[in-house]
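Beneath this line is the structure, given in structure tokens, with notes to follow.
The values are calculated or read from the model by the stated rules, or taken from the named source; none is laboratory data. None of these values were measured; they are calculated from a predicted model. In this analysis, Cβ positions are derived from the backbone assuming ideal geometry, glycine residues included, and neighbour counts consider all displayed protein chains.
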Amino acid sequence: MTRRPCAATPLPSPIPRADRAGLQAELAEEGLKPAIDYRIINAGTHINATLQVLKGRADAAMVGQNAYMQFPPELRKQLHVLLETPRYPA
């Protein structure tokens, strides 16, 4: 597999520490190293994180399930869910 250095992974802000830690743990299990294989960037909102992917500025984004379900169906059809984490109380 050819790796691109520091692929951007936008996250909405603020993101709970548990979610960020969970994401980093999942990436580490796949052998990915922060600042080498990926970098986490602040996208501000769930929709902004998603748009970064759709515009080709990022390879993946982390988005909350509630926010994702509020996206228009046409937008959700353009996305591919790579990983679902356990639900955390809001």
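Being modelled with pLDDT of 85 or more, at negative phi, loosely packed, with under 14 Cβ neighbours inside 10 Å and small (Gly, Ala, Ser) is a condition met by no residue of the range 64-83. When residues in the range 14-37 are screened for being at pLDDT below 85, surrounded by 13 or more Cβ atoms within 10 Å (Cβ to Cβ) and either hydroxyl-bearing (Ser, Thr, Tyr) or not in a loop (DSSP other than H, G, I, E, B) (or both), 7 of them pass.
What are the pairs, 6+ residues apart or on separate chains, where a residue within the range 23-36 that is in contact (Cβ under 8 Å) with a residue 40 or more places away in the chain has its Cβ under 7 Å from a residue that is surrounded by 10 or more Cβ atoms within 10 Å (Cβ to Cβ)? Partner pairs satisfying both residue conditions: 23/62; 26/83.
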